[in-house]
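Since every read-out is calculated from the coordinates, none of them should be taken as a lab result. Because the structure is a prediction, the values reported are computed rather than measured. Positions of Cβ are backbone-derived with ideal geometry, glycine not excepted, and every protein chain shown enters the neighbour counts.
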Amino acid sequence: MSIIALASDHAGHALKTVLASELRAAGHEVLDLGPDSDASVDYPDFGAALGVALADGRAARGIAVCGSGIGISIAVNRNPAARCALVSSGLMARLARQHNDANCIALGSRLIGIDVARDCVREFLATEFEGGRHAARVSKLGSGPFEE
């Protein structure tokens, strides 16, 4: 199994901790990038660390968690090697993998419950990129500034 990196902010710490424990119990290797408590931290720092872990190959996939999932997903996506999709259902997680080759998902701990988060993670990890017609589109995502 490949390494899965997890990162959060203070609002996502509890959900990240539960998911990390469950992933380990399922036999996955987890790279926990912090934080180590629910003390207030800045999500851009932890999202950036997750983006770097994906870029440098320390992790094949990532899971980012903050209160809404929005801020940390933006932070992760600042790294060109990251394709982090904010998801709120298993279907969204599956489609993010199938159609967008997402290597990271972001979860909003204040917006979804643990069962939905588990479903998102399960679908994200079980789904492969479909390729085909999606491959050319995904390659454009890392091609630099868009032109009109």
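Residues whose amide H falls under 5 Å from that of ALA102, counting only those 5 or more places apart or on a different chain, are ARG97, with hydrogens built in the peptide plane.
Per-peptide packing, taken as the mean over residues of other Cβ atoms within 10 Å, places 80-93, 127-140 in the sequence 80-93, 127-140 from highest down.
Shown for the chain: cysteine residues without a partner Cβ closer than 4.7 Å, namely CYS66, CYS120. Amide H contacts of LEU6 (H built 1.01 Å from N, in plane; Pro and chain starts excluded): LEU31, ASP32, LEU33, ILE63 sit under 5 Å, all sequence-distant by 5 or more or on other chains.
Charged neighbours of ARG61, selected by a Cβ distance under 13 Å, balance to 0 (K, R count +1; D, E count -1).
Helical runs (DSSP H, four residues minimum) scored at -39500 (n - 2.57) apiece and divided by the length of the chain put the mean residue ellipticity at 222 nm at -14000 deg cm²/dmol. Normalising the average separation of contacting C-alpha pairs (under 8 angstrom, six or more residues apart) by the number of residues puts the relative contact order of the chain at 22 percent. In the neighborhood of CYS84, defined by Cβ-to-Cβ distances under 15 Å, what is the net charge if each Lys or Arg adds +1 and each Asp or Glu adds -1? Net of charged neighbours comes to +3.
The string of couplings for the stretch 72-78 from the Karplus curve (6.51, -1.76, 1.60, θ = phi - 60°) is 5, 5, 5, 4, 4, 6, 5 Hz, one whole number per residue in order, with x for Gly and Pro. Taking a point 7 Å out from the Cα of ALA55 in the direction of its Cβ, the residues of the stretch 80-110 whose backbone N falls within less than 17 Å of it are 80-85, 103-104. For the stretch 105-112, backbone phi angles converted through the Karplus equation (6.51, -1.76, 1.60; θ = phi - 60°) give residue-by-residue couplings of 10, 10, 10, x, 5, 8, 10, 10 Hz, Gly and Pro being listed as x. Coupling constants for the stretch 133-138 follow from the phi torsions by the Karplus curve (6.51 cos²θ - 1.76 cosθ + 1.60, θ = phi - 60°), and in residue order they are 4, 7, 4, 5, 5, 5 Hz; glycine and proline get x.
Between ALA136 and SER89, the simple spin-label model (points 7 angstrom out along Cα→Cβ) gives 3.0 nm.
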